[in-house]
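The next block holds one structure in the form of structure tokens; read it before the comments.
Values in this text are rule-based calculations from the coordinates and carry no lab data. Computed from a prediction, not measured in an experiment: that's the story for all the values here. Cβ atoms come from the backbone with ideal geometry, glycine included; neighbour counts cover every protein chain shown.
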Amino acid sequence: MISIGGRALLALQSGLVPRGTRVEVFSRIYDVFLFLGTVVGVVVLGYMCWNAYKYREGGGHAAEGDDERPSLGEVPTGGGKGKKLFLSFALSAIIVISLILWTYGTLLYVEASPGPDNEVAQGDPVEVKVIGHQFYWEFVYENGYSTKGSGVMRVPTDREVELRVTSADVFHNFGITGQRVKADAIPGHTTDAWFVADETGNYSAACYELCGQQHSYMTATVVAMEPDEYEQWYANTTDNTTPTPTATEAGHGGGGGESHA
Ligand SMILES: [Cu+2]
């Protein structure tokens, strides 16, 4: 599925592109943009101020008799046969193109997932199905356990959590700002996202797409737990989405669960 260009970028990113949790990767992108923006800003403003000083009215140049200032209506030559112009175009092109490639490579990593060999997560990923409903988030685990309307997603720290985001009714958008996660929740379609919580704690999640009158109440909490605490909790959860055989036989098997057998 990954194009040749994508592969080249993946190779490139192994050295250059940051790897880590989403939080680390996105703060690296922010830092790089802030740094380059500051450097470019300082150079441009500094050069402008220096020239304003150099060619000031009645300044050194005019006094020494080699006034390079163009007269009104004259196009300045700069004296260097366009060398400065060429240099500034070349430099900005190099900066902009490398920034685009680097960001693209970084976002490819974010779009995929850390994969099996990585420093940020241990063990197998935890897969959680995220289902948007008007107006709550439901989380379904691999064993069929559903949080129904409780709005609490429990995850272990230092494990990759793979989200399979979908919707039961209208368009929603699932986001955990503290983990830099944001994924469309579209009926009949699954959007993949991932994150690794490196610290225990509560992270707030919410719906980021206006989906009806109670959209703003469509929040949830992501609880990152110590791995063994999580395992203990998970071991005590049971499949509550698949109708039990007795219930099915008795004709009360509704509930809309899908078979996991
Ligand atoms: Cu919503």
- What percentages, rounded to whole numbers, describe P(r) for the stretch 126-249 computed over all alpha carbon pairs with 5 Å bin width beginning at zero? 2, 12, 21, 25, 19, 12, 6, 3, 1, 0
- Task: Pop out the ³J(HN,Hα) list for the stretch 161-177 in order, Karplus 6.51 cos²θ - 1.76 cosθ + 1.60 with θ = phi - 60°, rounded to Hz; leave Gly and Pro as x.
- Result: 9, 9, 9, 10, 9, 8, 9, 9, 9, 9, 5, 10, 8, 9, x, 10, 4
- Theoretical gain in end-to-end length, L34 to A52 [0.36 nm per residue, Cα-Cα removed]: 3.8 nm
- Message: Less than 14 Å Cβ to Cβ from E226, Lys/Arg counted +1 and Asp/Glu -1: what total charge do the surrounding residues give?
- Response: -4
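With +1 on each Lys and Arg Cβ and -1 on each Asp and Glu Cβ, how big is the dipole of the stretch 126-249 about its Cα centre, in debye rounded to the nearest 20?
Details: 7 positive and 18 negative charges, 97 e Å.
The calculated dipole for the stretch 126-249 is roughly 460 debye.
Run the numbers on the stretch 126-249 and let me know its relative contact order in percent, using alpha-carbon pairs under 8 Å that are six or more apart. Walk me through the numbers on the way to the answer.
Numbers: 299 pairs, mean separation 35.2, N = 124.
Reported as a whole number, the value is 28 percent.
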- Using θ = phi - 60° and Karplus 6.51 cos²θ - 1.76 cosθ + 1.60, couplings along the stretch 121-133 (whole Hz; Gly, Pro as x): 10, 10, x, 6, x, 9, 9, 10, 8, 10, 10, x, 10
